[in-house]
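Chemist: My questions all concern the structure below.
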Amino acid sequence: MPSEKNTPVSLCMPVCLNNEHCPTTQLIIPANRKFLRILLSYVHELSIIAGLSDTDLLHLEVACEEAFVNILQHAYPDCTPGDIFIEGNINPTELVLSFRDEGIPFHDSPKEFPDVIATDGEIQSHGLGFQIIRNIVDEVRFENLGKRGKVLHLVKKLPGQVDIEMDQEIHEITPAPLQQYEIRPMHPEEAIQVSRLFWMVYGYTYKNEDFYRPEGLLHLISSGHLISYVAVGEDGEVAGHIGLIRPEPVPMAEIGLLVVSPAHRGRRIMESLDKAISARASQLGLSGLSFNAVTSHDKSQKGGFHMGLVPCGLDLAACPPRLFKALVNTDVPPQRESYLHCFKYLTLPPPVTVHIPACHYAMITRIYEHLQQSCMMGIPKPANDSGDFRIHYDRTLLKGVITVITADERQWTEILRVTNDMIEFAGAEVVDLDLPLAQSATGLLFELAESAGFVFTGIRPCQAHDGDCARLQRLCVPFDIKHIQIYPGFAEFLLEDVASLMGQSGNNSFS
């Protein structure tokens, strides 16, 4: 028998992303008869919520017990340890109970058994449990899920339509009293307030989980990767936050962690925070600041433009799909989230010489014009010295980044091998390639990358040790660029340029 010590039992309460979704519950129990009573109690309570009669309730409990026992006998024979995953969905006209296991695969399906129990006096034991189930519920569906096991769906029609909306009180946000705000670096004891503020505004959709953990936030600060500023009201409440992210020793940093409490909005808090963090960046001798705005909506883009940030590139499919709180659009199929990369100089931007293929001159010239920076085109030529590059893979984001430090076209075979390994073995859904524009061999690497399916999506000012980077991307998942939302302005032309290059690439990941 499975060990009773530290046996996991997990019950997830109803989840309702919004009132248009049906209430869903989940139960995870060990494949052990001792936990049958927990299952039956779960089914009992769901049946009451769904409005089943006492008779139908008892019958459904019998069907679920048969499903449970069948999994024990056939999926986890001889008391093999394992779990059973039960999900209950209450739809307006039916209750659906789904039993999933990750036990031994088999091909038998309820469709192979008779709809009614035989009455000829001789009943074979094989399939009897399924026969009982089919005589009790209205529909049975079976699915093989590959590595996720297999699932049996039991559908019970309801006697009447159920009001599936969860009772929720909608509270209007009461504006905080008018007051003065102190803009300053965050104190360690305020980290918990900042984490709560992020949850209040974004839910759990922000890309970095460290921002939801006070200890994670404090670790980023103590390690020198983050400078954190807050707006604190007269009552000591944190009303807003902004961060300066600098993971690499280059002459720029990223503005991030922007959030303002709904009760304190409309008081120019974000403008005050931006002014303070920009002044801090100037004190550090940084040349400029970047900002990545999501493209599933254009609100953060608009805020960035008001802070003087200029669009200069796209970061396609940067992270898994996210449903931003209060900005959920169920009409658009979920796809990986993309960002609009923006930049602003804190000092007079220097003239630059870039080495890229001639076909991209028009696009890159327009970008530098909007950055108010003079740009000359260099002639690509082979490297004199051996190259160097750095690789990084983020398992959470399923994203690889290859940063070329010293361009050398002779390293392309190795760079391509790393790219393919990230995709084939690590499961990367997108791989970024950053090339130093100031180096003459970059033009040759650029052409080799495009021939391998990479697409030029913009520049990253001050991100290389000797100047700017060109970002090229290779997507490995279906992606529809038409779902990107862009705030009116120059970014629309940038999007058109990238869409045109995607169409020319012939990469079937693009739509």
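Chemist: Using the alpha-carbon centroid of each, what span in Å lies between the stretch 258-273 and the stretch 290-314?
Modeler: Each part's Cα centre sits 17 Å from the other's.
Chemist: With label points built 7 Å along Cα→Cβ from the Cα atoms of residue 135 and residue 417, find their separation and express it in nm.
Modeler: Spacing of the two 7 Å Cα→Cβ label points: 6.6 nm.
Chemist: Turning to a different aspect of this structure: Would you work out the charge dipole size for the stretch 336-464 about its Cα centre, treating the Cβ of every Lys and Arg as +1 and the Cβ of every Asp and Glu as -1, and quote it to the nearest 20 debye?
Modeler: Working: 10 positive and 15 negative charges, 72 e Å.
It comes to approximately 340 debye.
Chemist: How long are the semi-axes of the ellipsoid equivalent to the stretch 385-493, from square roots of 5 times the Cα gyration tensor eigenvalues, in whole Å, largest first?
Modeler: Values: eigenvalues 102, 74, 30 Å².
The answer is 23, 19, 12 Å, longest axis first.
Chemist: Give a quick list of GluC sites (Glu not before Pro) in the stretch 221-281 that DSSP marks as loop, anything other than H, G, I, E or B, with at most 13 other Cβ atoms within 10 Å.
Modeler: Numbers: sites: 234, 237, 254, 271; in loops: 234, 237.
Within the stretch 221-281, the qualifying GluC sites (Glu not before Pro) (loop, at most 13 other Cβ atoms within 10 Å) are 234.
Chemist: Still on this structure, I have one more. If eta is 0.692 mPa s and T is 37 °C, what Stokes-Einstein diffusion coefficient results for the stretch 248-315, Kirkwood Rh from Cα pairs, in µm²/s? Can you show the working numbers first?
Modeler: On the way: Rh = 13.2 Å.
The diffusion coefficient I find is 249 µm²/s.
Chemist: Still on this structure: If you average the sequence gap of Cα pairs under 8 Å that are 6 or more apart and divide by the length of the stretch 372-451, what percent do you get for the contact order?
Modeler: On the way: 120 pairs, mean separation 28.5, N = 80.
It comes to 36 percent, rounded to a whole number.
Chemist: Are there chymotrypsin sites (Phe, Trp or Tyr not before Pro) in the stretch 184-288 that DSSP puts in a loop and that have at most 16 other Cβ atoms within 10 Å, and which ones?
Modeler: On the way: sites: 198, 199, 202, 204, 206, 211, 212, 229; in loops: 204, 206.
In loop regions of the stretch 184-288 (DSSP not H, G, I, E or B), the sparsely surrounded chymotrypsin sites (Phe, Trp or Tyr not before Pro) are 204.
Chemist: Please calculate how many Å² of accessible area the stretch 416-511 carries per residue, with a 1.4 Å probe and no DNA, RNA or ligand atoms counted. Let's see the in-between values first.
Modeler: Values: 3610 Å² over 96 residues.
Per-residue accessible area for the stretch 416-511 comes out at 38 Å².
Chemist: Okay, moving on. Here are some pairs, 275/399; 275/302; 344/381; 399/482; 150/482; 299/344; which of them have Cα atoms lying more than 28 Å apart in this structure?
Modeler: Values: 275/399 32 Å; 275/302 17 Å; 344/381 31 Å; 399/482 22 Å; 150/482 35 Å; 299/344 18 Å.
Over 28 Å Cα-Cα: 275/399; 344/381; 150/482.
Chemist: Arranged from highest to lowest average of other beta-carbon atoms within 10 Å per residue, in what order do the peptides 131-141, 62-72, 413-423 appear?
Modeler: On the way: 131-141: 17.8, 62-72: 19.7, 413-423: 16.2.
By packing density, highest mean first, the sequence is 62-72, 131-141, 413-423.
Chemist: Set the Förster distance to 30 Å, then compute FRET efficiency between residue 196 and residue 268 from the Cβ-Cβ distance, nearest 0.05. Mind showing how you got there, number by number?
Modeler: On the way: r = 23 Å, r/R0 = 0.76.
Approximately 0.85, to the nearest 0.05.
Chemist: Once you charge only the Cβ atoms, +1 for Lys and Arg and -1 for Asp and Glu, what is the size of the charge dipole of the stretch 400-511 about its Cα centre, to the nearest 20 debye? Write out the running numbers ahead of the final one.
Modeler: Numbers: 6 positive and 16 negative charges, 20 e Å.
It works out to roughly 100 debye.
Chemist: Grab the other residues whose beta carbon is less than 13 angstrom from that of residue 358, score K and R as +1, D and E as -1, and report the net. Spell out each step's value before the answer.
Modeler: Working: positive: none; negative: 447, 450.
The answer is -2.
Chemist: Hey, another quick one. Provide the net charge surrounding residue 281, with neighbours chosen by a C-beta distance below 15 Å and charges set as Lys +1, Arg +1, Asp -1, Glu -1. It would help to have the intermediate numbers written out before the result.
Modeler: Values: positive: 246, 275, 280, 344; negative: 248, 254, 274.
Once positives and negatives cancel, what remains is +1.
Chemist: Further question on the same structure: Using a ≥ b ≥ c from the Cα gyration tensor of the stretch 435-511 (square roots of the eigenvalues), is it rounded, prolate or oblate, where a/c under 1.5 gives rounded and otherwise the larger of a/b and b/c decides, a/b for prolate? List each step's numbers first, then the result.
Modeler: Working: a/c = 2.47, a/b = 1.31, b/c = 1.88.
Note, shape of the stretch 435-511 comes out oblate.
Chemist: Which whole-number value in Å² is the accessible area per residue of the stretch 15-87, probe 1.4 Å? Let's see the in-between values first.
Modeler: Working: 3620 Å² over 73 residues.
Per-residue value: 50 Å².
Chemist: Taking Cα pairs under 8 Å and at least six residues apart, what relative contact order does the stretch 287-415 come out at, in percent?
Modeler: Result for the stretch 287-415 is 23 percent.
Chemist: Turning to a different aspect of this structure: Along the charge dipole of the stretch 332-453, which of 416, 360, 383 sits closest to the positive end, that is, farthest toward it, with unit charges on the beta carbon of Lys, Arg, Asp and Glu (+1, +1, -1, -1)?
Modeler: 360
Chemist: Which residues among the stretch 390-409 fall inside the zone where the amide N is under 16 Å from a point 7 Å beyond the Cα of residue 223, along Cα→Cβ?
Modeler: 392-397
Chemist: Report, to the nearest whole %, how much of the accessible area of the stretch 378-511 belongs to carbon and sulfur atoms, 1.4 Å probe, protein only.
Modeler: Numbers: 2980 of 5910 Å².
Looking at the stretch 378-511 in its full context, I get 51 percent from C and S.
Chemist: Rounded to whole Å and sorted largest first, what semi-axes of the equivalent ellipsoid does the C-alpha gyration tensor of the stretch 258-384 yield via the square root of 5 times each eigenvalue?
Modeler: 31, 23, 11
Chemist: Given a cut-off of under 8 Å on Cα pairs at least six residues apart, what relative contact order in percent is computed for the stretch 453-499? All intermediate terms of the calculation are to be shown ahead of the outcome.
Modeler: Working: 38 pairs, mean separation 15.3, N = 47.
Once normalised by length, the contact order is 33 percent.
Chemist: Please compute the modelled spin-label separation between residue 425 and residue 365, points set 7 Å along Cα→Cβ, answer in nm with one decimal.
Modeler: Going by the 7 Å Cα→Cβ label model, 4.4 nm.
Chemist: Kindly list the residues of the stretch 460-493 that lie in the label zone of residue 405, defined by a backbone N under 19 Å from the point 7 Å along the Cα-to-C-beta vector.
Modeler: Residues passing the 19 Å test: 462-470.
Chemist: Solvent-accessible area per residue for the stretch 254-314 at a 1.4 Å probe radius, Å²?
Modeler: 37
Chemist: Could you check the simple spin-label distance between residue 189 and residue 358, using points 7 Å along Cα→Cβ, in nm with one decimal?
Modeler: 6.7
The values are calculated or read from the model by the stated rules, or taken from the named source; none is laboratory data. Everything quoted here is computed from the prediction, not taken from an experiment. Quick reminder, even Gly has a Cβ in these numbers, built from the backbone with ideal geometry, and neighbours come from all protein chains shown. Quick note on the areas: whole protein, heavy atoms, side chains included, nothing else; ligands and nucleic acids left out. Shrake-Rupley method; radii C 1.70, N 1.55, O 1.52, S 1.80 Å.
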